[in-house]
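Take a look at the structure below.
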Amino acid sequence: MKIGFIGLGNMAKAIIEGLLLKKVILPADIIVHSAHASNYQPYAEKFSLKTAETNLAVAEQADVLILAVKPELKEEVLTEVKPALIQHKVALLSLLTGVTLAGLTEVVGSTFALVRVMPNLNVRIGVGVTAIAGNNVATESAMATTQSLFEQIGEVIRLPEADFSTFVALAGSAPAFAYLFMDALAHAGVKYGLSKNQALKIVSQMVVGSAQLIQQSGEAPWNLIDQVSSPGGTTIAGVLALQEAGFEPAITKAVDATIKKDLGE
Ligand SMILES: NC(=O)C1=CN([C@@H]2O[C@H](COP(=O)(O)OP(=O)(O)OC[C@H]3O[C@@H](n4cnc5c(N)ncnc54)[C@H](OP(=O)(O)O)[C@@H]3O)[C@@H](O)[C@H]2O)C=CC1
Ligand SMILES: O=C(O)[C@@H]1CCC=N1
């Protein structure tokens, strides 16, 4: 199976590196093109990928075509690759936030299988979480191909398209929120004399362990919070200070803002 990437930014690179890490695909079966040869050529050389000189040339060679440009380029690149979609059967996967299947259909027409795919950066090391939704032309085979591809680099959830904006906030964009939390915690550790590296190592392992405990125990976070919070102890002092500072409303605001942006409001 040949996978073509249109656009080779942070997300395309994360997917490629995840797939290569998991040895799911041979480098020679990945074809890339982006706006600047000075970006895609050295990257392709580094990972022994194939390059194409145009987006159309990528599409002509691909069995699965991944659109990985900024949403505003939807029209330009889809118009360019449409002849290849007409020419041969390509599964078209779009990573574009805020661009619905209907919005994609407006450009390419309603006869092609389209799958919306919303991954997150953590696919780079095989632990992403990706939502997928297909249009009504997307066969079960196209959905299964997409699902098994992204399952190699994390969890996959088939989600109604109406929930994609929420998913973007909770998974697509949220790694940035998690990194921000971790950096803030580590920064506070620096305030009390730890080196930043030492603090980040402690914090990141704490977050990994906390996430795994939720997943493996099936316990609700509040139940675990109670287990960490000794009566009159350190944790409850910290938890209450976080609440007083508006921790939960701040998170909700971040989600509201992300959804609003995704919906183009
Ligand atoms: N980053 C993330 O965590 C996530 C991103 N997404 C979605 O993925 C898509 C890509 O995001 P991201 O990788 O972060 O974006 P980047 O800005 O990192 O990359 C955009 C890429 O598009 C390329 N490009 C620009 N114009 C063209 C063109 N005309 N033809 C071909 N390629 C072009 C750029 O080329 P060059 O580098 O050569 O200039 C660049 O490689 C977006 O739609 C985003 O919404 C979805 C989920 C998570
Ligand atoms: O910030 C963005 O728009 C993209 C989509 C989700 C994560 N990054």
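The values are calculated or read from the model by the stated rules, or taken from the named source; none is laboratory data. This structure is a prediction, so every number in the text was calculated from the model and none was measured. Reconstructed Cβ throughout: ideal geometry from the backbone, glycine too, with neighbour counts over all protein chains shown. Note: accessible area is taken over every heavy atom of the protein model, side chains too, but ligands, DNA and RNA are not part of it. Shrake-Rupley method; radii C 1.70, N 1.55, O 1.52, S 1.80 Å.
Data for the structure
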| item | result |
| --- | --- |
| Highest to lowest packing among 156-162, 123-129, scored as the average C-beta count within 10 Å | 123-129, 156-162 |
| Within the chain, percent of DSSP bridges classed antiparallel, to nearest 5 | 15 percent |
| Global form of segment 173-217, assessed from the alpha-carbon gyration tensor, a/c cut-off 1.5 | oblate |
| For segment 155-265: Kirkwood Rh in Å [reciprocal of mean 1/r, alpha carbons] | 16.2 Å |
| Förster radius 41 Å - calculated FRET efficiency between residue 197 and residue 28, Cβ distance, rounded to 0.05 | 0.60 |
| Solvent-accessible heavy-atom area per residue, rounded to whole Å², over segment 174-262 at 1.4 Å | 73 Å² |
| Percent carbon-and-sulfur accessible area, segment 3-160, ignoring ligands, DNA and RNA, probe 1.4 Å | 53 percent |
| Table column - 3J(HN,Hα) (Hz), segment 231-244, Karplus curve with 6.51, -1.76, 1.60, x for Gly and Pro | x, x, x, 5, 5, 5, 4, x, 4, 5, 5, 5, 5, 4 |
| Estimated 222 nm signal from helices in the chain, with DSSP H stretches of n ≥ 4 weighted -39500 (n - 2.57), rounded to 500 | -16500 deg cm²/dmol |
| Which listed pairs, of 74/253; 22/46; 23/46; 201/260; 22/261; 13/50, have C-alpha distances above 22 Å, in listed order | 74/253; 201/260; 22/261 |
| Tail weight of P(r) past 20 Å, computed on alpha-carbon pairs of segment 49-136, percent | 33 percent |
| Calculated from backbone phi, Karplus (6.51, -1.76, 1.60) coupling profile of segment 136-146 in Hz, x at Gly/Pro | 6, 9, 5, 6, 4, 5, 5, 5, 5, 5, 4 |
| Amide H contacts under 5 Å for residue 154, placed H, 5+ residues apart | 128 |
| The chain: relative contact order in percent, alpha carbon pairs under 8 Å with at least 6 residues between | 15 percent |
| Amide hydrogen neighbours beyond the local backbone of residue 120, cut-off 5 Å, H modeled | 129 |
| In sequence order, calculated HN-Hα J values of segment 169-181 (Karplus, 6.51, -1.76, 1.60; Hz; x Gly/Pro) | 5, 8, 9, x, 8, 4, x, 5, 5, 5, 5, 5, 4 |
| Reciprocal of mean inverse Cα separation for the chain (Kirkwood radius, Å) | 20.3 Å |
| Alpha carbon convex hull of segment 3-160, volume per residue in cubic angstrom | 95 Å³ |
